[in-house]
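Heads up: the structure comes next, in structure tokens.
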Amino acid sequence: MNDGSGTYDVVVIGGGPAGLAAAVALADAGANTALVARRVPYADNRTTALLGGSIDLLEQLEVWPRCKNKAAALHMMRLVDDTGRLIRAPEVRFSCDEIGLEVFGYNIENRALMIALEERAAELPGLTRFDDEADAIDPGDAVVAIRLHNGNSLSARLVVGADGRQSLCREAAHIEVTRHNLNQAALTFNISHSRPHRNISTEFHTPHGPCVFVPLPGDRSSVVWVATPKEAERLRALSDDELSEAAERQSHSILGRVTVEPGRYVFPLGIEQPRQFAKARIVLVGEAAHVIPPIGAQGLNMGLRDAADIADIVREAMASGEDPGAPQVLTRYDSVRRTDVTSRTFAIDLANRSLLSDFLPVQSLRAAGMHLIGSVGPLRRLAMREGLAPSWRSSRHS
């Protein structure tokens, strides 16, 4: 921690997983970096399915070895149509060995990931931590001025806004946001169960959204149950025994007897995307840059790609003598992230809308699409590879 003021190559505002990863990656890339974020215990028990590219980044940053033993491998993903509609899609199974992988990724509690990121951040000599919040951010021609809550001032050639949905950084850069309320909410909680999950993640598609059971270490799983806001609140208000019974019923008892663990949370769902991902010496990462429903485990994985991309772009810029906050550098970041975020957001929104639609032709198209993916090997393998990481990234990072 540091109580002074100073000028930095990069200042990261926000200390969630995406912000911490960005700060570590930038410092690892050689940028003189500051992180402005309160040290507070991670508030909830949500988990993240970290897919291939995210694991690669965390390995590179020496973070993954610190938390791998707290994660469960994901070998197979099942999609099950549980809508009860006249036209239903067939079950689809994705297996990692079909595309030559040992695992798709790992599911880990966000708290364990945060502890590992914090440990690594504390070791890096090029990363200064300010246990504070930003009160004001003022972009200028040469630097961005940042005033902290305690009165200290910092300046940076580049600011990374990792400060969430109500981003002060985004507001300071005058970046507009498009928002779409989905009239859905996600109830999250963890369970223990009497049967092994065998490292299979199962996603049941209901008329109001998916309900996914994702493996955790041991005979435990995390649950993300998407429903209408009213139904999500009803489920949260159930007793432990009642919610355990409801979860077992929703899982069709594939995990045997289910016991709900302490801690349950409800999050409203929506889609948010800024008009720009970089402007006025400020770039956006994490939920400041994209908010999407928890479908296909894309949210934090996109945030970690934000972190990897800004670190790569800053490394290249500084190696060639460029100002990391210069317009041409920001344009590179905006271009790279726009391709990824826009395509992912469109695909997830389309999948969600097709599931919720009561329009028979839409249900027929969805069922036909799922049938094609399930029965046509090359199409299924393409879907798996693209789900893990955009294909254009392999050439960019080779």
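Which is of a type in the set (Lys, Arg) and under 18 Å from Val212 (Cα atoms), of Arg85, Arg120, Arg93, Arg129?
Just one listed residue meets the conditions, Arg93.
Among Arg147, Arg111, Arg157, Arg165, which is the only one that is of a type outside the set (A, V, I, L, M), out of contact with any helix residue (DSSP H, G or I) (no Cβ under 7 Å at 6 or more places or on another chain) and within 20 Å of Asn301 (Cβ to Cβ)? Please lay out each step first, then the result.
Numbers: Arg147 fails: within 20 Å of Asn301 (Cβ to Cβ); Arg157 fails: within 20 Å of Asn301 (Cβ to Cβ); Arg165 fails: out of contact with any helix residue (DSSP H, G or I) (no Cβ under 7 Å at 6 or more places or on another chain).
Checking each option against the conditions leaves just Arg111.
Could you list, in sequence order, all residues of the range 330-352 that are over 22 Å from Lys279 (Cα atoms) and among the β-branched types (Val, Ile, Thr)?
Answer for the range 330-352, where residues must be over 22 Å from Lys279 (Cα atoms) and among the β-branched types (Val, Ile, Thr): just Ile348.
Can you give me the number of residues within the range 304-344 that are buried (at least 19 other Cβ atoms within 10 Å of the Cβ), small (Gly, Ala, Ser) and over 23 Å from Pro139 (Cα atoms)?
The qualifying residues number 1.
Could you grab the pairs with beta carbons closer than 9 Å, sequence gap of 6+ or different chains, first residue in the range 70-99 and free of Cβ contacts under 8 Å to residues at least 12 places away in the same chain and closer than 18 Å to Leu216 by Cβ, second one β-branched (Val, Ile, Thr) and surrounded by fewer than 20 Cβ atoms within 10 Å (Cβ to Cβ)?
Correct list of pairs: empty, since none qualify.
Given the conditions (1) more than 30 Å from Arg236 (Cα to Cα); (2) surrounded by fewer than 22 Cβ atoms within 10 Å (Cβ to Cβ); (3) not aliphatic (A, V, I, L, M), report the number of the one that Thr188 does not fulfil.
It is condition (1) that Thr188 fails.
Taking the range 299-335 on its own, how many of its residues are in a helix (DSSP H, G or I) and either out of contact with any strand residue (DSSP E or B) (no Cβ under 6 Å at 6 or more places or on another chain) or polar (S, T, N, Q) (or both)?
So the answer is 25.
For the range 236-278, give me the residue count where each residue is of a type in the set (Val, Ile, Thr) and more than 27 Å from Ser167 (Cβ to Cβ).
Summing the residues that are of a type in the set (Val, Ile, Thr) and more than 27 Å from Ser167 (Cβ to Cβ) in the range 236-278 gives 4.
If a residue must be surrounded by fewer than 23 Cβ atoms within 10 Å (Cβ to Cβ) and either part of a helix (DSSP H, G or I) or in contact with a Lys or Arg (Cβ under 7 Å, 6 or more places away or on another chain) (or both), how many such residues does the range 288-298 contain?
Result for the range 288-298: 2.
Evaluate the following for Ala121: is it over 15 Å from Ala22 (Cα atoms), buried (at least 19 other Cβ atoms within 10 Å of the Cβ) and not polar (S, T, N, Q)?
no
So which residues in the range 86-118 are open to solvent by less than 30 Å² (accessible area, probe 1.4 Å) and out of contact with any strand residue (DSSP E or B) (no Cβ under 8 Å at 6 or more places or on another chain), if there are any at all?
Across the range 86-118, the qualifying residues are Ile99, Met114, Ala116, Leu117.
A quick yes/no check of all residues on (1) open to solvent by 20 Å² or more (accessible area, probe 1.4 Å); (2) over 30 Å from His252 (Cβ atoms):
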| residue | (1), (2) |
| --- | --- |
| Asn45 | no, no |
| Gly52 | yes, no |
| Glu62 | yes, yes |
| Lys68 | yes, yes |
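Restricting attention to the range 212-243, and to residues there that are more than 27 Å from the chain's Cα centre (by Cα) and not aliphatic (A, V, I, L, M), which single residue is most open to solvent (accessible area, probe 1.4 Å)?
Looking at residues that are more than 27 Å from the chain's Cα centre (by Cα) and not aliphatic (A, V, I, L, M), I get Asp241.
Do we find a residue being at pLDDT 95 or above and part of a strand (DSSP E or B) anywhere in the range 239-249?
Going through the range 239-249, the residues at pLDDT 95 or above turn out to be 239-249.
The next check asks that each one be part of a strand (DSSP E or B); those that pass are none.
No: zero hits.
Out of the range 152-177, which residues are open to solvent by 60 Å² or more (accessible area, probe 1.4 Å) and either under 16 Å from Thr128 (Cα atoms) or outside any loop (DSSP other than H, G, I, E, B) (or both)?
Ser153, Arg157, Glu171
Kindly indicate which of Arg165, Arg179, Arg195, Arg170 is more than 19 Å from the chain's Cα centre (by Cα) and either closer than 22 Å to Glu245 by Cα or in contact (Cβ under 8 Å) with a residue 60 or more places away in the chain (or both).
Result: Arg195 is the single residue among Arg165, Arg179, Arg195, Arg170 that is more than 19 Å from the chain's Cα centre (by Cα) and either closer than 22 Å to Glu245 by Cα or in contact (Cβ under 8 Å) with a residue 60 or more places away in the chain (or both).
Being open to solvent by less than 10 Å² (accessible area, probe 1.4 Å) and either among the aromatic types (Phe, Trp, Tyr) or not in a loop (DSSP other than H, G, I, E, B) (or both) is the filter here, so list the residues in the range 19-43 that pass it. Show your work before the answer.
Applying the first criterion (open to solvent by less than 10 Å² (accessible area, probe 1.4 Å)) to the range 19-43 yields 19-26, 31, 33-37.
Hits for the range 19-43 are Gly19, Leu20, Ala21, Ala22, Ala23, Val24, Ala25, Leu26, Thr33, Ala34, Leu35, Val36.
Tell me yes or no: at least one residue of the range 89-112 is touching a Phe, Trp or Tyr at 6+ places or on another chain (Cβ under 9 Å), assigned to a helix (DSSP H, G or I) and farther than 30 Å from Glu242 by Cα.
yes
Suppose we filter the range 140-151 for residues that are modelled with pLDDT under 95 and crowded, with 19+ Cβ neighbours inside 10 Å; how many remain?
Residues flagged as modelled with pLDDT under 95 and crowded, with 19+ Cβ neighbours inside 10 Å within the range 140-151 amount to 0.
Do we find a residue being touching a His at 6+ places or on another chain (Cβ under 9 Å), surrounded by fewer than 20 Cβ atoms within 10 Å (Cβ to Cβ), at pLDDT 95 or above and closer than 27 Å to Arg353 by Cα anywhere in the range 132-139?
no
The values are calculated or read from the model by the stated rules, or taken from the named source; none is laboratory data. Just so it is clear, the structure is predicted and the values come from calculations on it, not from any experiment. When we count neighbours, we look across all protein chains shown, and the Cβ atoms used for this are built from the backbone with ideal geometry, even at glycine. Heads up: the accessible areas ignore ligands, DNA and RNA and are worked out on the full protein's heavy atoms, side chains in. Shrake-Rupley method; radii C 1.70, N 1.55, O 1.52, S 1.80 Å.
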